[in-house]
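Trainee: Pasting a structure below so you can have a look.
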Amino acid sequence: MTLPIHPAWRTPFLTVIGLVVVLILAAVVGRITSARTLAGIDLADRPDVVVSLSFTPERFHLEKFQDVGRYQGWSDGQAVILSSDPEELRRLARNYWIDAIEPHEVHNDKLDK
Amino acid sequence: MTNSTNNLPNMRGRPLVSTAQWRGTLGVVSILVAWQFSVWVIALPAYFYPAPKDVFSAFIELMQKGILLEYLSDSAVRYSVSVATGVGFGLTFGLLIGLSRFWSRLLGPIINFFYAIVEVAWIPLLVIWIGYGFNTIVIAIAYVVFFPVLYNTLTGVQTVKLVLINAMQTLGATRWQVLVTVIIPSALPNIITGFRVGAGFAFRGLIFAEMIAAGSGIGFLIFDGSTTRQTDRVVVGMIMMGVMWLLIDRLLLRPVEQATIVRWGLVRNQGGNT
């Protein structure tokens, strides 16, 4: 089966199609990951959260945290964000470089134990 | 060496990997080997002259941290929007000035004046007016694309054979029909040339604008790497620039040429497999 387009446009056309498919898949996977990551968090009122990363955050990541809420600092592989915006938190949770997001209280309980 | 490995036939009997592709790969490998060898010989600190493995590690780290993908996507979006905007305005004004003496007299001197003011000069002012980020970069780059497209369109329109226009008008064609069937097709080689030149200028402009007026993008990656002495990241940024340009050339510029001016025999296809 041949595409009804000029041969010169075949590769770009297929590339664009491939790119669109990858973007759609990435968006779907991102939303599923986001929902799973934020499963234990009540997003109704601006929650305080702890974000875990497997690396030390750079300016790029800190700016993302600041978009979400009041970034309180980084220690032991975790960033504390207070009063986070639910929509921004969902957006943050879609990123593949996020290890986990937990409510701040749960995190404190774990530390107490 | 036997010929069996580099000419493995596929189902249609054509080699899967062409000789040109083998040569291209060999060129890249040679550069990498020479680079690594020079690192051993010169023995400078990694922050001064990073080795290929340092650059590769930086690439992996940037991918793992999610920085590179987002910067690439930011640059790609800025580039696409800017080129589309610049081509749109360049084409419109090129046709307007080329077809109307009134508009030519009115806008000609102004456009000539602004042509001399490079986009870099506009960026500080745009930053004050609009702030850092997307809009400033898009306006600056669209400005870069605008002039080559405009002047090439203008040249194309002005060099259309008058006899063709007269013939169409004699046959009762409207102004719109003359424009669509004679003027634009005749001016197309020039328009495509303007588009190609503008797309090249836009790419250089994008990297420069991102260094000055953005907090993300490949230009920013290079700038940030230089200020933090992470030269391996600078080199990653430079390689990404090259890769992006190759993709733009292969996926946009060459197909446009193939589908228009080469297809209609207006120029000879000189595109090798470079």
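Trainee: Could you list all residues from the range A:47-80 that are of a type in the set (Gly, Ala, Ser) and within 16 Å of A:ALA93 (Cβ to Cβ)?
Mentor: Across the range A:47-80, the qualifying residues are A:SER52, A:SER54, A:GLY69, A:ALA79.
Trainee: So which pairs qualify, if the first residue must be in the range B:42-69 and within 13 Å of B:ASP232 (Cα to Cα), the second must be outside any helix (DSSP H, G or I), the Cβ gap must be under 6 Å, and the two must be at least 6 apart or on different chains?
Mentor: Within 6 Å, the pairs are B:TYR47/B:ARG229; B:ASP54/B:ALA46.
Trainee: Scan the range B:75-98 for residues that are of a type outside the set (Ser, Thr, Tyr) and buried (at least 18 other Cβ atoms within 10 Å of the Cβ) and jot them down.
Mentor: Across the range B:75-98, the qualifying residues are B:ARG78, B:VAL83, B:GLY86, B:VAL87, B:GLY90, B:LEU91, B:PHE93, B:GLY94, B:LEU95, B:LEU96, B:ILE97, B:GLY98.
Trainee: Looking at the range A:63-105, which of the residues that are away from chain B (no Cβ under 14 Å) and assigned to a helix (DSSP H, G or I) is surrounded by the fewest Cβ atoms within 10 Å (Cβ to Cβ)?
Mentor: The extreme case among them is A:GLU87.
Trainee: So B:LEU69 fits all but one of (1) surrounded by 13 or more Cβ atoms within 10 Å (Cβ to Cβ); (2) closer than 27 Å to B:ARG175 by Cβ; (3) aliphatic (A, V, I, L, M); what number is the exception?
Mentor: Unmet for B:LEU69, out of (1) surrounded by 13 or more Cβ atoms within 10 Å (Cβ to Cβ); (2) closer than 27 Å to B:ARG175 by Cβ; (3) aliphatic (A, V, I, L, M): (2).
Trainee: Follow-up question, since we're still on this one. Please name all residue pairs, on different chains or six or more residues apart, with Cβ atoms under 6 Å, provided the first residue is in the range B:133-156 and is within 13 Å of B:TRP122 (Cα to Cα) and assigned by TED's automatic domain parsing to the domain that holds B:SER80 and the second residue is surrounded by fewer than 24 Cβ atoms within 10 Å (Cβ to Cβ) and acidic (Asp, Glu).
Mentor: Pairs found: B:ALA140/B:GLU119; B:TYR143/B:GLU119; B:VAL144/B:GLU119.
Trainee: Across the range B:131-172, what is the number of residues that are assigned to a helix (DSSP H, G or I) and surrounded by fewer than 19 Cβ atoms within 10 Å (Cβ to Cβ)?
Mentor: Qualifying residue count for the region: 13.
Trainee: Another one. If A:THR37 satisfies all but one of (1) among the β-branched types (Val, Ile, Thr); (2) under 19 Å from B:LYS65 (Cα atoms); (3) modelled with pLDDT of 90 or more, what's the number of the condition it fails?
Mentor: For A:THR37, the failing item is (3).
The values are calculated or read from the model by the stated rules, or taken from the named source; none is laboratory data. Only a predicted model underlies this, so the values are computations on that prediction, with no experimental measurement involved. Counting neighbours? That spans all protein chains shown, and the Cβs are built from the backbone with ideal geometry, glycine included.
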